[in-house]
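Report on the structure given below.
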Protein chains: 2
Amino acid sequence: MTMANTEVTRLFSEFLVASRYEEIPDAVRHEAKRALLNWLGCAIGSSRHETITAMFGALSPFVGAPQATLLGRPERVDILHAALINGVSSHVLDFDDTHARAVHPSAPVMPAILAYGEWQKISGAALIHAFVLGVDAECRIGLSVFPEHYDRGWHITGTAGVFGAAAAMGKLLGLDAQRMAWALGIAATQSSGLREMFGTMCKSFHPGRAAQSGLSAALLAEKNFTSSLRAIEAPRGFAHVLSTKFDPSTITDGLGQRYELSLNMYKPYACGLVVHAAIDGCIQLKREHALTADMIAAVHVKTSPLVPELTAIRKPQTGLEGKFSIFHACAVALAVGAAGEPQFADAVVRNPQIAALRDRVAITADAGIRKLEAYVTVTLKDGRTLEKHVPHALGTVERPMSDADLEEKFRSLTADMLPPAQSDRIIGLVWQLDTLADVGEIARATVTP
Amino acid sequence: MTMANTEVTRLFSEFLVASRYEEIPDAVRHEAKRALLNWLGCAIGSSRHETITAMFGALSPFVGAPQATLLGRPERVDILHAALINGVSSHVLDFDDTHARAVHPSAPVMPAILAYGEWQKISGAALIHAFVLGVDAECRIGLSVFPEHYDRGWHITGTAGVFGAAAAMGKLLGLDAQRMAWALGIAATQSSGLREMFGTMCKSFHPGRAAQSGLSAALLAEKNFTSSLRAIEAPRGFAHVLSTKFDPSTITDGLGQRYELSLNMYKPYACGLVVHAAIDGCIQLKREHALTADMIAAVHVKTSPLVPELTAIRKPQTGLEGKFSIFHACAVALAVGAAGEPQFADAVVRNPQIAALRDRVAITADAGIRKLEAYVTVTLKDGRTLEKHVPHALGTVERPMSDADLEEKFRSLTADMLPPAQSDRIIGLVWQLDTLADVGEIARATVTP
């Protein structure tokens, strides 16, 4: 056994405790701002969703003092409930960020540290630092048991996310190495979330629960609530009980030299990543050639075999089915030039013009094409043939969304919730995050009447 | 695949919904009272323990309205925190009840239903009914994946207990079958608790978290927070993700004909079950022959091989080590005639007279002896040899503690916390439980200044 194998919880705790804000590279700090903006848009955008209504309806009799904002809503609640409910709203639209290899990084971490930060008036720099470390924790620990852990049926955003929240909160609370290890242990023993829940409200419950459980883990450890010091690597610890694979070097290699947040991706389109390259190609062709639906005779898309496997609904009838239809996604992208939440509304999916174009979309699977790659060919009624190869979809690490793209996505997600001036103010605050004295300013800026 | 295999969550939910109080046999109802008394003693007895102090210190800034009592303390908190904290105090002393085959039944279920019951002034009969069904849920679901689930490293009192709390609360809330299945699903996706935590405060955290998670699962389901309807049996559901064994017939066989609560056991002695038969033999010999420590030349105990495997600490130095020393346990039982919490205090373990007698205890393992069986031989200085065979330790299903034994245990556990009259009043209320209009009376009767 290597050192890391027998002591990885201790080694990782010591790294978290020793880390200094000055060591975080500028690009990584900037990525934290981008992640915050993207996350805020997702959480505000679903703040009135039936999932949140159901949850708040069930839990409101039990909330404590008004310490933190429910994003995009008028209510203030105790930080444990804020972490939970804002964690759920993060993921309801499935539009939040994705690490290049696994885990939705922001949803389990941001809700915990922003709630605590609002309550205790922490600085933007402290939030950035805690967030970067929390993302490192959840991604490294998650990847150490991946993919066997996920294949077994665990929703890794929940199971690994709880470590992210605990590590980030442990840093904000200034825990020493022993208490940091306890915090990771209390997190480990709450690690949960089944993939069977996909397609139900429980899917977005997972990052919410992870945020709340990780937050309470760090708060308990601070007050000397004891736990194992070997919770990750012990024979009856997280890795061996929840996976058949464990590679502790994933947790310790290059600590402080590279940060997992550098590999963060943002979705430009409101559906599964696997459809993004095809949408991307359609939008590019529409823009370059000023296409309208009635100009188009046929569309042919060549993709990875995963695409028809996951998104082959030929005649979707609801917005949710539309998200699993490569045919609708391409049609709406060509007709409207966008594929945000509004383009997956029930009414849009049933729109006869969109449906007619959808029926003219054909797809071919090619095992030589990568998951986030596509070839789009559009044949026009005037006889012309237009082609677009998308080697990397917009939003990937190879072709990231620009800051302006993220601003546009934020405005689109919040358009029904906030006046434009309020959205602009939030965007401005996020870009100033590193100099902000009190992150509560951001949370309070999202309040709606 | 059998029906149960593919539909066990639905079948079990329908059973819970259809169950009527009148169907619960008298003996099972009485067992619920016995479980309540035993549980109250454990929870009150550890209400000032450092585990509870640490937890309440960490969480008190976040509690909501004063809806429910923290047993044995002056504070009142929201029901979610009451379920959590009373769930932890249930198990701190490891003195709570044990199902004959697995799971500590009361610790994850009672805290949830008593907190809710106090808040909503529910009747004692409703509490009994919900408790009986909750125990059925956690034991049946736990046993369906046992022992492979436990062997893998899961603390089954946490992982299965959450189903018990959800089922019991679903019954109290009057959920229909769909919402009951959702409640079980929301419970399943929070199922957690690692055996690595044994020996730390996190062990008793598990039933507390289970009580709180199960309570919130039922509250969420009531408000239409959706979940899988096949959370137990689905390929990515509880059983297959958290175990390599799944026997769904354990969940459905004899439903409503036999109740798992009938197999409940209570510990007369404040240490692991495995030592109980030996203690039992020592106490019987002491009583029958009026033994004192200085009369004894040597003690020889024959036990199952499990006993030296788990409790072979030859020279314990702390109370906790004393609980893992068959030598101390027999010595204190012969010297004092008891083996409650006081007999495992640090000072008692270090007492020179007890230590001297301890050094005269010898043990032989015999594979032909069952886990809760023992042969005790005491050789006296006057040359006599006394023998006692204990085929079943006191507290087993075969030789249950009497109601009077349970009262005595309750008084012993609460002696340092409550005036005797207050303990007597609680005992009286428990035996009247079935006719009590408001179970809150019991919770409030435990309050200390």
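Based on C-alpha coordinates, I'd like the Rg and Dmax of the stretch B:125-213, in Å.
For the stretch B:125-213, the Cα-based Rg and Dmax read 13.0, 40 Å.
With only alpha-carbon atoms in the gyration tensor, what are the semi-axes of the equivalent ellipsoid for the stretch A:381-449, in Å, largest first? Display every interim value, and only then the final one.
Details: eigenvalues 250, 60, 12 Å².
So the equivalent ellipsoid measures 35, 17, 8 Å along its semi-axes.
How far, in nm to one decimal, is residue A:408 from itself in the other copies if the label point is set 7 angstrom along Cα toward Cβ? Shortest first, please.
8.1
With everything on Cα atoms, drop me the angle between helix A:50-59 and the longest principal axis of chain A, reported from 0 to 90° to the nearest 10.
20 degrees
If we count other beta carbons within 10 Å of each Cβ, what is the order of B:94, B:366, A:382, fewest first? Working shown, then result.
Numbers: B:94 18, B:366 13, A:382 7.
Listed from fewest to most nearby Cβ atoms, that is A:382, B:366, B:94.
What are the radius of gyration and Dmax of the stretch B:311-449, computed over its Cα atoms and given in Å?
Radius of gyration, then largest Cα-Cα span, for the stretch B:311-449: 19.1, 61 Å.
Which whole-angstrom value gives the distance between the alpha carbon centres of the stretch B:75-98 and the stretch B:297-333?
29 Å
Quote the charge dipole size of the protein assembly as shown about the Cα centre in Debye, to the nearest 20; the model charges only the Cβ of Lys and Arg (+1) and of Asp and Glu (-1). Walk me through the numbers on the way to the answer.
Details: 84 positive and 92 negative charges, 73 e Å.
Value, rounded to 20: 340 debye.
What translational diffusion coefficient, in µm²/s and rounded to a whole number, does the Stokes-Einstein relation yield for the stretch A:309-359 at 4 °C and a viscosity of 1.567 mPa s, taking the hydrodynamic radius as the Kirkwood radius over Cα pairs?
Numbers: Rh = 10.2 Å.
It diffuses with D of about 127 µm²/s by this estimate.
Provide the percentage of antiparallel DSSP beta bridges, counting only those with both residues in the protein assembly as shown; round to the nearest 5. If you can, show how the numbers build up before the last one.
Working: 39 of 51 bridges.
That works out to approximately 75 percent antiparallel.
Take the alpha-carbon centre of the stretch A:165-185, take the same for the stretch B:209-243, and report the distance between them in whole Å.
Using only Cα atoms to place each centre, the spacing works out to 29 Å.
Taking the Cα atoms only, what angle lies between the long axis of helix B:276-289 and the longest principal axis of chain B, rounded to 10 degrees?
On a 0 to 90 degree scale, this one is about 50.
Could I have the simple spin-label model distance between residue A:20 and residue B:75, label points 7 Å from Cα toward Cβ, reported in nm to one decimal?
Reported label-point gap for residue A:20 and residue B:75 is 3.8 nm.
Which percent of the Cα-Cα distances in the stretch B:212-272 go past 18 Å? Could the numbers behind the result be given before it?
Values: 1160 of 1830 pairs.
Here the tail beyond 18 Å accounts for 63 percent of pairs.
Quick one: work out the % antiparallel among DSSP beta bridges in the stretch A:273-390, nearest 5. Kindly include the intermediate steps, with their values, before the conclusion.
On the way: 14 of 19 bridges.
Among the beta bridges of the stretch A:273-390, antiparallel pairing accounts for roughly 75 percent.
From the Cα trace of the stretch B:131-281, what convex hull volume per residue do you get, rounded to a whole Å³? Numbers along the way, then the final one.
Details: hull volume 18.1 nm³, N = 151.
In the stretch B:131-281, the Cα hull volume divided by residue count equals 120 Å³.
Can you pull the one-decimal nm distance between simple spin-label points at residue A:416 and residue B:101, each 7 Å off the Cα toward Cβ?
5.0 nm
Which three lengths, in whole Å and largest first, does the stretch A:49-98 cover when its Cα atoms are put on their principal axes?
Cα extents, longest axis first: 32, 19, 17 Å.
Which loop GluC sites (Glu not before Pro) in the stretch B:369-449, with loop taken from DSSP, have no more than 16 other Cβ atoms within 10 angstrom of their Cβ? Don't jump to the answer; show the numbers that get you there.
Numbers: sites: B:373, B:387, B:398, B:407, B:408, B:441; in loops: B:373, B:398.
Taking the stretch B:369-449 and a limit of 16 other Cβ atoms within 10 Å, the loop GluC sites (Glu not before Pro) found are B:398.
State the volume of the convex hull built on the alpha-carbon positions of the protein assembly as shown, expressed per residue in Å³ and rounded to an integer.
Expressed per residue, the convex hull around the Cα atoms of the protein assembly as shown is 164 Å³.
Report, to one decimal in Å, the Kirkwood hydrodynamic radius for chain B based on all distinct Cα pairs. Can you show the working numbers first?
Values: mean 1/r = 0.0449 Å⁻¹.
For chain B, the Kirkwood estimate is 22.3 Å.
If I fit a long axis through the Cα atoms of helix B:3-18 and take the longest principal axis of the Cα atoms of chain B, what angle between them do I get, 0 to 90°, rounded to 10?
Around 90 degrees separate the two axes.
Taking the DSSP beta bridges in chain A as the whole, what percent of them are antiparallel, to the nearest 5? Intermediate results must be reported in sequence, preceding the final value.
Working: 19 of 25 bridges.
Antiparallel bridges: around 75 percent, rounded to the nearest 5.
Enumerate the residues in the stretch A:358-397 having an amide nitrogen under 15 Å from the point lying 7 Å beyond the Cα of residue A:263 toward its Cβ.
Residues A:396-397 fall inside that zone.
For a quick check: sort B:121, A:302, B:267 by the number of other beta carbons within 10 angstrom, fewest at the front.
On the way: B:121 11, A:302 20, B:267 24.
Fewest-to-most Cβ neighbours within 10 Å comes out as B:121, A:302, B:267.
At a 10 Å Cβ-Cβ cut-off, how would you order A:155, A:389, fewest neighbours first? Numbers along the way, then the final one.
Working: A:155 28, A:389 13.
So the ranking, lowest neighbour count to highest, is A:389, A:155.
Can you give me the orientation-averaged projected area of the convex hull built on the Cα atoms of the stretch B:273-390, in nm²?
Numbers: hull surface 24.4 nm².
Average projection, Cα convex hull of the stretch B:273-390: 6.1 nm².
For label points placed 7 Å from Cα toward Cβ, what is the shortest-first list of nm distances from residue A:366 to its copies?
When each copy's label point is compared with this one, the spacings are 7.9 nm.
Sort shortest first the distances from residue A:151 to its counterpart in every other copy, using label points 7 Å along the Cα-to-beta-carbon line, and give them in nm.
Once sorted, the set of distances for residue A:151 reads 2.3 nm.
Rule-based calculations on the coordinates, nothing more; no lab input. Not measured: the values here are computed from a predicted model. Every residue, glycine among them, receives a Cβ derived from its backbone with ideal geometry; neighbour counts consider all protein chains shown.
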